[in-house]
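S.K.: Sending over a structure as structure tokens; questions will come in a sec.
The values are calculated or read from the model by the stated rules, or taken from the named source; none is laboratory data. Since the model is a prediction, treat every value here as computed from it, not as a measurement. FYI the Cβ positions are ideal-geometry reconstructions off the backbone, even for glycines, and counts take in every protein chain you see.
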Amino acid sequence: MNFVNFATTARLQNDSATSSQNEDFQGLALQTLLNRRFENIQLDLDAPSSTLWCHMTPPGRPSYTHELMQDISEMQELITSSFSRAPRRENTPFSWFVMASAVQGIYNLGGDLGHFAQRIRQGDLDSMRHYGHVAVKAIHRNTIAFDSPVITMALVQGDALGGGFEHALSFDMIVAERSAKMGLPEILFNMFPGMGAYSFLSRRVDRKKAEEMILSGRIYTAEELHEIGVVDVLAEDGQGAAVAQDYIARHNRKFNAHMATLRARRRVNPITLEELIDVVDIWAEAAVNLTEADLRKMDKLCAAQDRRLAALQPQASMIMAAE
């Protein structure tokens with residue numbers, strides 16, 4: 001005679017209901033993420049490869065503006081929500097996250113120099129700190145992969161300068177096309193990069209090399225950075241997306257080991273939010289000490305960025321017309 005264990009049956013039914021509720025919540029969170037229309041970023045889910053692609057699509061200068069930071073922060077929160085109740089990997093919304101740029105030849109040009117110059121001339125330390133705190137909080141969420149079981153990747157197909165380079169460094173790995181250029185030009189106007197450059201570089205290369213990269217202002221090729229271990233995967237020009245996809249396809253089979261290795265990296269050599277905030281406070285204090293001569297150099301760099309962006313506009317219009 002078979003006895004029915006009502007307590008066990010009830011528990012199983014409850015577990016099944018809870019699992020269903022979790023999947024409903026997760027699906028709703030993912031749908032909210034994918035349906036959200038951002039002004040500065042575009043999201044696309046490639047279900048077969050379990051990859052969420054994010055392209056930066058700034059309507060103006062491709063820099064780390066307040067508007068871009070707000071969109072990225074909201075996206076990060078939605079990603080965390082979409083994973084928060086996933087009980088197993090097979091239930092997770094995606095396994096890989098790729099950050100790229102839709103702007104031809106530019107990944108990101110860094111901090112909002114026009115905003116900086118205005119605030120520094122006003123002696124507005126609080127505004128500089130506020131900008132820095134918002135930036136490093138978003139960057140820190142990248143370093144912990146949105147507190148989710150995801151492997152993150154920056155795909156650099158153009159220039160990543162200043163804060164744009166720091167942004168790329170905050171992901172688990174960097175895939176870069178051979179002609180891409182990366183560097184920290186802040187020394188040109190008597191500043192240092194405060195959004196994580198020292199933290200990230202000193203963990204990828206030795207302290208001496210990290211300080212050389214910060215204080216020289218030199219712009220490096222992706223090939224040079226690949227040789228010293230800053231760029232993880234080097235792609236030929238125009239092949240960056242394909243190389244990223246190939247890497248994901250090859251490593252998906254051993255995702256568990258790959259993910260565990262990255263979790264160990266974060267535990268053994270963590271980059272904490274406290275560290276990033278402390279450094280960006282040093283950056284803000286240094287910024288308000290800039291002279292008018294320093295600020296004029298910042299103005300010139302900002303104007304050069306505007307001229308470059310203006311030159312890109314006709315190219316973009318021609319591409320759209322051809323499509």
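S.K.: If I go through segment 131-172 residue by residue, how many of them are part of a helix (DSSP H, G or I) and under 25 Å from Asp237 (Cβ atoms)? Walk me through it before giving the result.
M.R.: Let us first name the residues in segment 131-172 that are part of a helix (DSSP H, G or I), namely 131-143, 145-147, 163-169.
From what's left, under 25 Å from Asp237 (Cβ atoms): 163-169.
Of the residues in segment 131-172, 7 are part of a helix (DSSP H, G or I) and under 25 Å from Asp237 (Cβ atoms).
S.K.: Okay, moving on. Report the residue count in segment 104-133 for those that are among the small types (Gly, Ala, Ser) and within 20 Å of Lys181 (Cβ to Cβ). Quick ask: steps written out before the conclusion?
M.R.: Residues of segment 104-133 among the small types (Gly, Ala, Ser): 105, 110-111, 114, 117, 123, 127, 132.
Restricting the remaining residues to those that are within 20 Å of Lys181 (Cβ to Cβ) gives 105, 110-111.
Residues meeting the conditions: 3.
S.K.: Is it the case that Ala303 is touching a strand residue (DSSP E or B) at 6+ places or on another chain (Cβ under 8 Å), in a helix (DSSP H, G or I) and surrounded by fewer than 16 Cβ atoms within 10 Å (Cβ to Cβ)? Break it down stepwise before answering.
M.R.: Numbers: touching a strand residue (DSSP E or B) at 6+ places or on another chain (Cβ under 8 Å): no; in a helix (DSSP H, G or I): yes; surrounded by fewer than 16 Cβ atoms within 10 Å (Cβ to Cβ): yes.
Taking the combined requirement at face value, the residue does not satisfy it.
S.K.: Could you please find all residues in segment 135-152 being surrounded by fewer than 21 Cβ atoms within 10 Å (Cβ to Cβ) and more than 21 Å from Leu201 (Cα to Cα)?
M.R.: Hits for segment 135-152 are Asp147, Pro149.
S.K.: Hey, another quick one. From the list Ile219, Ile277, Ile228, which residue is touching a Pro at 6+ places or on another chain (Cβ under 8 Å), under 22 Å from Gly163 (Cα atoms) and of a type outside the set (S, T, N, Q)?
M.R.: Details: Ile277 fails: touching a Pro at 6+ places or on another chain (Cβ under 8 Å); Ile228 fails: touching a Pro at 6+ places or on another chain (Cβ under 8 Å).
Step by step, each of Ile219, Ile277, Ile228 is checked, and only Ile219 is touching a Pro at 6+ places or on another chain (Cβ under 8 Å), under 22 Å from Gly163 (Cα atoms) and of a type outside the set (S, T, N, Q).
S.K.: Using the structure shown, decide if Ser73 is out of contact with any Asp or Glu (no Cβ under 9 Å at 6 or more places or on another chain) and on the phi > 0 side of the Ramachandran plot. Walk me through it before giving the result.
M.R.: Working: out of contact with any Asp or Glu (no Cβ under 9 Å at 6 or more places or on another chain): yes; on the phi > 0 side of the Ramachandran plot: no.
In short, no.
S.K.: Find all pairs meeting these conditions: Cβ atoms under 6 angstrom apart; at least six residues apart or on different chains; first residue within segment 99-115 and touching a residue at least 24 places away in the same chain (Cβ under 8 Å) and crowded, with 21+ Cβ neighbours inside 10 Å; second residue among the acidic types (Asp, Glu) and not in a helix (DSSP H, G or I).
M.R.: Sorted first by the residue in segment 99-115, then by its partner, the pairs are Ile106/Asp159.
S.K.: Continuing with this model, one more query. Can you tell which of Val231, Val175 is buried (at least 24 other Cβ atoms within 10 Å of the Cβ), of a type in the set (A, V, I, L, M, F, W, C), assigned to a loop (DSSP other than H, G, I, E, B) and modelled with pLDDT of 95 or more?
M.R.: Values: Val175 fails: assigned to a loop (DSSP other than H, G, I, E, B).
Just one listed residue meets the conditions, Val231.
S.K.: Just to check your reading of the model, which residue among Leu184, Leu201, Leu215 is within 23 Å of Val288 (Cα to Cα), surrounded by 23 or more Cβ atoms within 10 Å (Cβ to Cβ) and without any contact (Cβ under 8 Å) to a residue 60 or more places away in the chain?
M.R.: On the way: Leu201 fails: within 23 Å of Val288 (Cα to Cα); Leu215 fails: surrounded by 23 or more Cβ atoms within 10 Å (Cβ to Cβ).
Step by step, each of Leu184, Leu201, Leu215 is checked, and only Leu184 is within 23 Å of Val288 (Cα to Cα), surrounded by 23 or more Cβ atoms within 10 Å (Cβ to Cβ) and without any contact (Cβ under 8 Å) to a residue 60 or more places away in the chain.
S.K.: So, Ile144, is that one at pLDDT 95 or above, closer than 21 Å to Leu273 by Cβ and in contact with a Lys or Arg (Cβ under 7 Å, 6 or more places away or on another chain) or not? Step through it out loud before you land on a result.
M.R.: Values: at pLDDT 95 or above: yes; closer than 21 Å to Leu273 by Cβ: yes; in contact with a Lys or Arg (Cβ under 7 Å, 6 or more places away or on another chain): yes.
So Ile144 passes the test.
S.K.: Of the conditions (1) surrounded by 13 or more Cβ atoms within 10 Å (Cβ to Cβ); (2) assigned to a helix (DSSP H, G or I); (3) touching a strand residue (DSSP E or B) at 6+ places or on another chain (Cβ under 9 Å), Ala242 clears all except one; give me its number.
M.R.: Here Ala242 clears every test but (1).
S.K.: Mind checking whether some residue in segment 61-68 is in a helix (DSSP H, G or I) and crowded, with 21+ Cβ neighbours inside 10 Å?
M.R.: As a first pass, look at segment 61-68 and keep what is in a helix (DSSP H, G or I): 66-68.
Next, only the ones that are crowded, with 21+ Cβ neighbours inside 10 Å stay: 68.
Checked segment 61-68: at least one residue is in a helix (DSSP H, G or I) and crowded, with 21+ Cβ neighbours inside 10 Å.
S.K.: Going residue by residue through segment 35-55, is there one that turns out to be under 26 Å from the mean Cα position of the chain (by Cα), modelled with pLDDT under 65, outside any strand (DSSP E or B) and not aromatic (Phe, Trp, Tyr)? Please lay out each step first, then the result.
M.R.: Just the residues of segment 35-55 that are under 26 Å from the mean Cα position of the chain (by Cα), to begin with: 35-55.
Among the residues that remain, those that are also modelled with pLDDT under 65 are: none.
Among the residues of segment 35-55, not one is under 26 Å from the mean Cα position of the chain (by Cα), modelled with pLDDT under 65, outside any strand (DSSP E or B) and not aromatic (Phe, Trp, Tyr), which makes the answer no.
S.K.: What is the one condition in (1) under 21 Å from Asp112 (Cα atoms); (2) in contact with a Ser or Thr (Cβ under 6 Å, 6 or more places away or on another chain) that Ala210 does not satisfy?
M.R.: Unmet for Ala210, out of (1) under 21 Å from Asp112 (Cα atoms); (2) in contact with a Ser or Thr (Cβ under 6 Å, 6 or more places away or on another chain): (1).
S.K.: Checking Arg265 against (1) surrounded by 16 or more Cβ atoms within 10 Å (Cβ to Cβ); (2) part of a helix (DSSP H, G or I): exactly one of these is not met. Which one?
M.R.: Exception for Arg265: condition (1).
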